[in-house]
Amino acid sequence: MDVLVIGTGGREHALVRALAHDSGVGTVYAAPGNPGMSASATLRDVDALDGSAVAALARELGVGLVVIGPEAPLVAGVGDSVRAAGIACFGPTAAAARLEGSKAFAKEVMAAAGVPTASSRVCETPDEVAAALDAFGPPYVVKDDGLAAGKGVVVTDDRQRAADHAEACDRVVVEEYLDGPEVSVFALCGWNESDGVTVYPLQPAQDFKRIHDGDQGPNTGGMGAYTPLGWAPDDLVDEVLHTVLRPTVDEMARRGTPFTGLLYAGLALTSRGVRVVEFNVRFGDPETQPLMALLDSPLLPLLLGAATGSLADIPPPAWKPGAAVTVVMASKGYPESSSRGDVITGVDGFDGRDGDVQVIHAGTAIEDGHLVTAGGRVLGVTAVGTDVSDARSKAYDGIARISFPGAQWRTDIAAGR
Ligand code: AMP
Ligand code: GLY
């Protein structure tokens, strides 16, 4: 079966690679794709937010499955357009994608399903915001209700900054601060009328969100990630399945908007137990990079099973032993801005050397025959090793071979694990 992957980032490059390694997959197409993906996929151009254009491309290519990577097309209903054209699509309906598209909606679903999360208030006026900030106290957490491409959340001790952020948004969720390490648990979700929902959690991963070492500086899309988490409780996945994932998908099904695709639970392991920080409705980036590097099951049957309601007939995902670590290289100015056109050297010769270090492209382009930066997060060096420290040292050896002007990366990804 041929597959079309929609998106341009590191997440989509990692998915394209995993699909290309699945012997059940014929041609992998990526649209719009990026230069790194062209090694394993045929690139096509498309406006990812235009449902009829994506459906028309899928029909023209004759693919059996469309995989939608980013949240914006999912929230915009691109998956619905693809399904309406009679083509299987991995990714939720627009109605189910509201779990990421509106933080207030996600809170409402969690409340109805009894899912543990930070207590919160939805605020629309400065007076409501002021009252909520005072009720919860510092550190203040203020979230734009809608999609904000990773820029919608401010966590600060500065009450004025919290109030200013709220003022800049129409509608915000103000909530209690959650302490404790953050963990990402992704789950493949399928649904059919007779069996209801099937949920297959993936191995937990951890993302490093702040730009600087020691979790300093502003939030980014994610500067690195690793899996598995040797320090996490053995029963973490079970607990998350029973207290978070299942209740949420059951509540969505009860509302007549079953969730299918990938449910991303962003969790804080607080002293009072597991709490949901956020839901996303797609694979996370960069966590998907180490996860795909360790996946020991063919990817197509899992994605197709989730898309077509037959996930329960597919064995749950299996994992290779060892660990995988991704270190992201970002461009000058990130995350406030990004730098385009800086020439990148040293990315060749990874694939095939020993196969355990890969360069995943995120914000790259070809200009005048050169590979150049074209975004904030430029690439991710992903390494597999016998354990986290082995994978980590291979990833940093890879980073040392690559350079471009203004490159920034964290030196403490997966350190001390
Ligand atoms: P979100 O987009 O909701 O994931 O928020 C982005 C980041 O802000 C999270 O990954 C956390 O690091 C931080 N954050 C969000 N909500 C909270 C909270 N209630 N307490 C502490 N940190 C938070
Ligand atoms: N790793 C964070 C995200 O994908 O939203």
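For the chain, a crude dipole built from +1 on the beta carbon of Lys and Arg and -1 on the beta carbon of Asp and Glu, taken about the Cα centre, is about 300 debye to the nearest 20. Straight Cα distances below 22 angstrom link residue 332 to the lysines 151, 209, with same-chain residues fewer than 8 positions distant left out.
The relative contact order of the chain comes to 16 percent, based on Cα pairs under 8 Å that sit 6 or more residues apart. With helices as the sole contributors, the chain gives -8000 deg cm²/dmol at 222 nm; each DSSP H run of n ≥ 4 counts as -39500 (n - 2.57), and the sum is divided by every residue.
For segment 180-267, the set of trypsin sites (Lys or Arg not before Pro) satisfying both a DSSP loop assignment and a count of at most 15 other C-beta atoms within 10 Å is given as 255. Given bins 10 angstrom wide, list per bin the percent of all Cα-Cα distances in segment 1-150, short to long. Distribution as computed: 11, 33, 25, 17, 11, 3 percent.
Taking the alpha carbon gyration tensor of segment 324-375, multiplying each eigenvalue by 5 and rooting it gives semi-axes of 22, 15, 7 Å, largest first. Taking each pair of distinct Cα atoms in segment 154-262 once, what is the resulting Kirkwood hydrodynamic radius in Å? Computed over Cα pairs of segment 154-262, the Kirkwood hydrodynamic radius comes out at 16.8 Å. Among beta bridges from DSSP that stay inside segment 23-176, the antiparallel ones total about 70%. Restricting attention to the chain, close to 80% of DSSP beta bridges with both partner residues there are antiparallel.
For the pair segment 262-298 and segment 330-402, the centres of their Cα atoms are 22 angstrom apart. When you filter the trypsin sites (Lys or Arg not before Pro) in segment 320-366 for DSSP loop state and at most 14 other Cβ atoms inside 10 Å of their Cβ, you are left with 353. For 275, 161, 246, 401, the ranking by accessible surface with the largest value first comes to 161, 401, 246, 275, using a 1.4 Å probe. Pair-distance distribution P(r) for segment 229-287, from all Cα-Cα distances in 10 Å bins starting at 0: 19, 51, 26, 3 percent.
Along its three principal directions, the equivalent ellipsoid of segment 119-164 from the Cα gyration tensor extends over semi-axes of 16, 13, 9 Å, largest first.
Could you list log10 I(q)/I(0) for segment 277-417 at q = 0.10, 0.11 Å⁻¹, which the Debye formula gives when each Cα is one point scatterer? With one equal scatterer per Cα and no solvent, log10 I(q)/I(0) is -0.40, -0.48. Residues considered: 15, 61, 267. Largest GNM mean-square fluctuation over the chain, using C-alpha springs under 10 Å, is found at 61. Normalised by residue count, segment 1-84 yields a Cα convex hull volume of 74 Å³ per residue. Could you list log10 I(q)/I(0) for segment 40-121 at q = 0.13 Å⁻¹, which the Debye formula gives when each Cα is one point scatterer? Evaluating at q = 0.13 Å⁻¹ gives log10 I(q)/I(0) of -0.48. To the nearest µm²/s, what D does Stokes-Einstein give for segment 95-203 at 4 °C and 1.567 mPa s, using the Kirkwood radius over alpha carbon pairs as Rh? It diffuses with D of about 85 µm²/s by this estimate. Across segment 157-215 the C-alpha pair distances fall into 5 Å bins from zero in the proportions 4, 11, 12, 13, 15, 16, 12, 10, 5, 3, 0 percent.
Note on the chain: with a GNM built from Cα contacts shorter than 10 Å, the maximum mean-square fluctuation among 96, 265, 318 falls on 318.
How big, in percent, is the set of alpha carbon pairs in the chain lying more than 30 Å apart?
Details: 34151 of 86736 pairs.
That tail contains 39 percent of the Cα-Cα pairs.
If you run the Gaussian network model on the chain, springs between alpha carbon atoms under 10 Å, then out of 391, 312, 111 the most flexible one is 111.
The values are calculated or read from the model by the stated rules, or taken from the named source; none is laboratory data. From a predicted model like this one, the values you see are computed outputs, not experimental measurements. Virtual Cβ from ideal backbone geometry, glycine too; neighbours counted across all protein chains shown. Surface accessibility is based on the protein's heavy atoms, side chains included, excluding ligands, DNA and RNA. Shrake-Rupley method; radii C 1.70, N 1.55, O 1.52, S 1.80 Å.
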